[in-house]
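Notes to accompany the following structure.
The values are calculated or read from the model by the stated rules, or taken from the named source; none is laboratory data. Small disclaimer: the values here were computed from a predicted structure and weren't measured. When we count neighbours, we look across all protein chains shown, and the Cβ atoms used for this are built from the backbone with ideal geometry, even at glycine. For the accessible areas, the whole protein counts, side chains as well, though only heavy atoms, and no ligand, DNA or RNA atoms are used. Shrake-Rupley method; radii C 1.70, N 1.55, O 1.52, S 1.80 Å.
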Amino acid sequence: MLLPMLVVGLAFTFARPTLGAQFEGGETRTIAADETIDGSFYFAGQTLVVNGTITGDLIAAASEVVINGHVEGSVMAAGRSVQLNGQVDGAARVAAQSVTVGGPIGRELVVFASDVVVSPGATIGDGAVAGVASLSMDGVVTGDLTGDVGNLSLTGQIDGSVDVEAGSVSVGPAGRISGDLRYRSRNEAQVASGAQISGRTERLEPRVQQESPLDDNPFLNLLGLWVGLLVLGYLILIARPAHMTSVGQEIRLRPVPSLGVGILVWIGQIAALVALAVLAILFGLILPQLGGAFVVPIVVLVLVAIVVALVAQVYVAAGIGQVIASRADLSPWLAYAAGALIWAVLLALATFVHGALGALLYFIAWFLALGALALHLMRRRRLEAAEARDVAVVEVPPPPAETS
């Protein structure tokens, strides 16, 4: 269910502006109750309050996002606090420290947070996926509830099954589960008298023993990923701002060629590693004294590949930030911070759904950055060659001889 969301999220990120789309940034933006925004709305800043209507999708990266009005499309929001009190006709994909759902959501809810409260008046139309430390589910979910939850308190209604990995599970007297209750935990679920579970109740042992406090708080993991991208990206911005901008522009303006060239460059990297490894083995067998000479370039190439893979995430975040900066009045630093946050959310959600999906997204960024870097170097060499031709010395004919 999340793979299409991730693809659409990337498409929104790299797409050029479309008719009806509006892009804004700043400290605070309030959409009044009598205000209607036709089309999709993108926002990056401090606080966003939606009291009116958005006829398209809402994509926001802000410290606080409050939706009291009506979003006729889907919502993708990241920040410290997100409140979904109004009506969302599409899906809601949210990453925040605290999330409150108080109104109807037409499709699925995907939430990655520390604390989540689904109020009694809330309805979720197509299931819920949660990666949270604490989830209080008092509303109605049409579909299944799945995910990784530290503490699950269910006093609402699930018109499907519950399949979670949790530290603790409690079902209150008003709790209703139409399907099965299946949970992985070291603790037995607390099911109050009066609760109704139509299917089976099954407890399994946890897949992975959690030993770190970070494992119990997905928001802290997301925050750590974002801070890591910020530190590395800001270092590159300070050292080589023009280089960062140029590579980010290649990703933003030519994502498909960058991806294709990046795959070719990556294959070349692997081929070089394999060739060096074969040479090292051959010389180690034939001339043992020379075999070690090929170990150093192998190690260097592996380290370079690791560094490029890490920096690739920064370049992709820079590309996202430049998209935001081109559509809203933001400084390069704030634009990169917003781009890094969006990319961190996508990586975290993909990894949460399945480790292989997160790895796939990571490799896509690697390919994009390799290709963009190669295209940037080729473009720079062409410009340098053109400049060299323009400033070439032209032989000046000698002046005519003077006649007496």
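Contact list please: Cβ distance under 7 Å, first residue in region 354-372 and under 18 Å from PHE112 (Cβ atoms) and at pLDDT below 75, second residue open to solvent by less than 50 Å² (accessible area, probe 1.4 Å) and of a type outside the set (Phe, Trp, Tyr), pairs at least six apart or on different chains. Here the result reads LEU357/ALA350; GLY358/LEU347; GLY358/ALA350, each pair linking region 354-372 to a residue that is open to solvent by less than 50 Å² (accessible area, probe 1.4 Å) and of a type outside the set (Phe, Trp, Tyr).
For region 139-164, residues that are of a type in the set (Asp, Glu), crowded, with 20+ Cβ neighbours inside 10 Å and in contact with a Leu (Cβ under 9 Å, 6 or more places away or on another chain) total 0.
Let me confirm something: among ARG93, ARG107, which residue is out of contact with any helix residue (DSSP H, G or I) (no Cβ under 7 Å at 6 or more places or on another chain) and of a type in the set (Lys, Arg)?
Values: ARG93 fails: out of contact with any helix residue (DSSP H, G or I) (no Cβ under 7 Å at 6 or more places or on another chain).
Testing whether each residue is out of contact with any helix residue (DSSP H, G or I) (no Cβ under 7 Å at 6 or more places or on another chain) and of a type in the set (Lys, Arg) leaves just ARG107.
Is it the case, given these coordinates, that ASP115 is modelled with pLDDT under 95, open to solvent by 30 Å² or more (accessible area, probe 1.4 Å) and touching a Phe, Trp or Tyr at 6+ places or on another chain (Cβ under 9 Å)? In short, yes. If the condition is being open to solvent by 60 Å² or more (accessible area, probe 1.4 Å), small (Gly, Ala, Ser) and more than 13 Å from LEU154 (Cβ to Cβ), then region 174-201 contributes SER193, SER198.
Take region 49-68 and flag every residue that is buried (at least 21 other Cβ atoms within 10 Å of the Cβ) and more than 20 Å from the chain's Cα centre (by Cα). Across region 49-68, the qualifying residues are VAL50, ILE54, ILE67. Selection over region 23-48 of residues that are part of a loop (DSSP other than H, G, I, E, B), open to solvent by 30 Å² or more (accessible area, probe 1.4 Å) and without any contact (Cβ under 8 Å) to a residue 24 or more places away in the chain gives a count of 4. Here is the figure for region 204-256: residues that are touching a strand residue (DSSP E or B) at 6+ places or on another chain (Cβ under 7 Å) and modelled with pLDDT under 80 total 7.
Do we find that GLY199 is at pLDDT 75 or above, in contact with a Ser or Thr (Cβ under 8 Å, 6 or more places away or on another chain) and farther than 25 Å from GLY319 by Cβ in this structure? Talk me through it step by step, then tell me what you get.
Values: at pLDDT 75 or above: yes; in contact with a Ser or Thr (Cβ under 8 Å, 6 or more places away or on another chain): yes; farther than 25 Å from GLY319 by Cβ: yes.
Considered against the rule, which asks whether it is at pLDDT 75 or above, in contact with a Ser or Thr (Cβ under 8 Å, 6 or more places away or on another chain) and farther than 25 Å from GLY319 by Cβ, GLY199 comes out as yes.
Residues considered: VAL261, VAL256. Of these, the only one that is over 18 Å from ALA338 (Cβ atoms) and either over 21 Å from the mean Cα position of the chain (by Cα) or touching a residue at least 24 places away in the same chain (Cβ under 8 Å) (or both) is VAL261.
To keep it simple, each residue is scored yes or no on (1) over 16 Å from GLY90 (Cα atoms); (2) at pLDDT 90 or above; (3) aliphatic (A, V, I, L, M); (4) touching a helix residue (DSSP H, G or I) at 6+ places or on another chain (Cβ under 9 Å).
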site: GLU35; (1), (2), (3), (4): yes, yes, no, no
site: PHE41; (1), (2), (3), (4): no, no, no, no
site: THR47; (1), (2), (3), (4): yes, no, no, no
site: ILE67; (1), (2), (3), (4): no, yes, yes, no
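Among the residues of region 265-276, is any at pLDDT 75 or above and either open to solvent by 50 Å² or more (accessible area, probe 1.4 Å) or more than 30 Å from VAL94 (Cβ to Cβ) (or both)? Yes; the residues of region 265-276 include at least one that is at pLDDT 75 or above and either open to solvent by 50 Å² or more (accessible area, probe 1.4 Å) or more than 30 Å from VAL94 (Cβ to Cβ) (or both).
Between ALA91, ALA122, ALA130, which is of a type outside the set (Val, Ile, Thr), buried (at least 21 other Cβ atoms within 10 Å of the Cβ) and modelled with pLDDT under 90?
ALA130
Beta carbons closer than 8 Å, at least 6 apart along the sequence or on distinct chains, pair a first residue in region 144-155 that is at positive phi and in contact (Cβ under 8 Å) with a residue 12 or more places away in the chain with a second that is part of a strand (DSSP E or B) and hydrophobic (A, V, I, L, M, F, W, C) for GLY147/ALA128; GLY147/VAL129; GLY147/ALA130; GLY147/VAL132; GLY147/VAL164. Residues that are open to solvent by 20 Å² or more (accessible area, probe 1.4 Å) and closer than 13 Å to SER246 by Cβ were ranked within region 361-375; the one that is farthest from the chain's Cα centre (by Cα) is ALA374.
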